[in-house]
Structures are given as structure tokens and as C-alpha cells.
Amino acid sequence: MECREQFEQILAEFGEKLGAKLELADDRCNFIVDGTVEVEIDYYDDADSLVAWSTVGELPEDRFSAARAFALLSLNELGAFRAGFALAMDAETRRVVAHDRRGADAIDSADRLAVWIDALVDLVKSVRSDFAKRFPYSDDEDADGKEA
């Protein structure tokens with residue numbers, strides 16, 4: 001059986017556990033976990049590899065941007081403890097994503113896929129929570145909650 005066919009079967013089994021029909025369409029599959037984290041898995045035929053990713057959020061362009069970017073870079077140092085996921089930011093959209101690339105043969109069961117996706121979801125929730133604690137004020141307020 002080819003890697004892609006095997007992964008498609010595993011994805012379908014994983015979908016059953018989530019209570020959703022999951023399949024690759026145009027080499028990708030999107031689904032939502034816990035009603036808050038949208039996950040995308042992209043399949044690359046040329047290398048039989050997968051990329052799982054999710055948007056963490058967007059960094060506004062404001063006077064706190066440097067602090068937020070530095071916080072993201074600091075969190076990236078923990079990637080080794082997050083099942084290999086890394087954080088990245090698209091400079092144009094300022095969208096922050098968590099992502100990881102694996103060989104399709106490394107995801108050899110629905111349980112292994114579930115562990116990988118759970119790690120992604122946990123990371124996204126953790127970063128969102130961390131940023132809510134580090135930057136609880138709006139962009140119109142300073143760190144003391146006073147209008148800028």
C-alpha cells in the first residue's frame with residue numbers, strides 16, 4: 001500500500017474518533033478540535049510528507065509588537081518539548097502559526113495521528129493562554145491599563 005493511501009485510511013479512522021468525516025481534498029484536510037482550534041494537514045506527494053499546522057493568532061502592529069515577537073521567539077525555544085512543533089509568523093499578515101513536518105510513514109496509526117494533533121492543539125492553546133497572560137491589556141492601553 002502506498003503512503004498516501006495508508007494515510008488516507010488513518011485519517012478516516014482518526015475522523016471517526018472525532019465524530020467527523022475526514023479526507024484529503026486538494027492534498028489537505030481541515031477540521032476543528034474542541035471548537036476553538038482549526039487544524040490543517042497538508043499532504044505532499046513528492047516527498048510523502050505531512051505538515052500539520054494551526055493558526056495561533058495574529059500579532060497587531062503596535063507599540064507592543066517587539067515584546068510580542070520576542071515572546072514568540074522565546075516560546076520557540078521550547079519546540080523540542082512540543083513534539084517538534086515550531087512557531088512562525090507571516091510578516092505580511094502577522095499571522096502566527098504552529099507547524100510541524102513529518103514523513104507520512106511516521107504516522108502509521110490513528111492513535112499516532114491523534115498524539116501528533118493533540119500536541120499541536122495543546123501548543124496552540126498554551127501559546128494563546130500565555131499571550132493572554134503576558135499581554136492582558138488592549139493595544140490602546142499601557143501595561144498598567146491606562147489609556148495611551
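Return a yes/no flag: does the range 57-79 have any residue that is touching a Cys at 6+ places or on another chain (Cβ under 8 Å), within 15 Å of ASP118 (Cα to Cα) and of a type outside the set (D, E, K, R). Within the range 57-79 (the criterion being touching a Cys at 6+ places or on another chain (Cβ under 8 Å), within 15 Å of ASP118 (Cα to Cα) and of a type outside the set (D, E, K, R)), the answer is no, since none of the residues qualifies.
Yes/no per residue for (1) aromatic (Phe, Trp, Tyr); (2) surrounded by fewer than 15 Cβ atoms within 10 Å (Cβ to Cβ); (3) closer than 18 Å to LEU123 by Cβ:
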{"site": "GLU2", "(1), (2), (3)": "no, yes, no"}
{"site": "GLU8", "(1), (2), (3)": "no, no, no"}
{"site": "LYS17", "(1), (2), (3)": "no, yes, no"}
{"site": "CYS29", "(1), (2), (3)": "no, no, no"}
{"site": "VAL33", "(1), (2), (3)": "no, no, yes"}
{"site": "VAL39", "(1), (2), (3)": "no, no, yes"}
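Taking residues in the range 94-110 that are under 20 Å from GLU16 (Cα atoms) and surrounded by fewer than 16 Cβ atoms within 10 Å (Cβ to Cβ), and partners anywhere that are at pLDDT below 95 and of a type outside the set (Ser, Thr, Tyr), not one pair has Cβ atoms closer than 7 Å while being at least 6 places apart or on different chains. Selection of the range 14-72 for residues being of a type outside the set (A, V, I, L, M) and modelled with pLDDT under 90 yields GLY57, GLU58, PRO60, GLU61, ASP62, ARG63, PHE64, SER65, ARG68, PHE70. Kindly evaluate ALA67 against the criterion of being closer than 24 Å to ALA25 by Cβ, touching a residue at least 40 places away in the same chain (Cβ under 8 Å) and of a type in the set (A, V, I, L, M). Spelling it out, it is not the case that ALA67 is closer than 24 Å to ALA25 by Cβ, touching a residue at least 40 places away in the same chain (Cβ under 8 Å) and of a type in the set (A, V, I, L, M).
Conditions (1) over 30 Å from GLU2 (Cα atoms); (2) in contact (Cβ under 8 Å) with a residue 12 or more places away in the chain; (3) touching a Gly at 6+ places or on another chain (Cβ under 8 Å), marked per residue:
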| site | (1), (2), (3) |
| --- | --- |
| GLY19 | no, no, no |
| LEU24 | no, yes, no |
| PHE31 | no, yes, yes |
| GLU58 | yes, yes, no |
| GLY84 | no, yes, no |
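Evaluate the range 113-123: report whether one residue or more is outside any loop (DSSP other than H, G, I, E, B) and farther than 21 Å from ALA20 by Cα. Looking through the range 113-123, at least one residue is outside any loop (DSSP other than H, G, I, E, B) and farther than 21 Å from ALA20 by Cα.
Of all residues in the range 53-68, count the ones that are exposed (fewer than 15 other Cβ atoms within 10 Å of the Cβ), within 16 Å of ARG128 (Cβ to Cβ) and out of contact with any Lys or Arg (no Cβ under 6 Å at 6 or more places or on another chain). Residues meeting the conditions: 1.
The values are calculated or read from the model by the stated rules, or taken from the named source; none is laboratory data. This structure is a prediction, so every number in the text was calculated from the model and none was measured. All Cβ positions, even for glycine, are placed from backbone atoms using ideal geometry, and neighbour counts span all protein chains on display.
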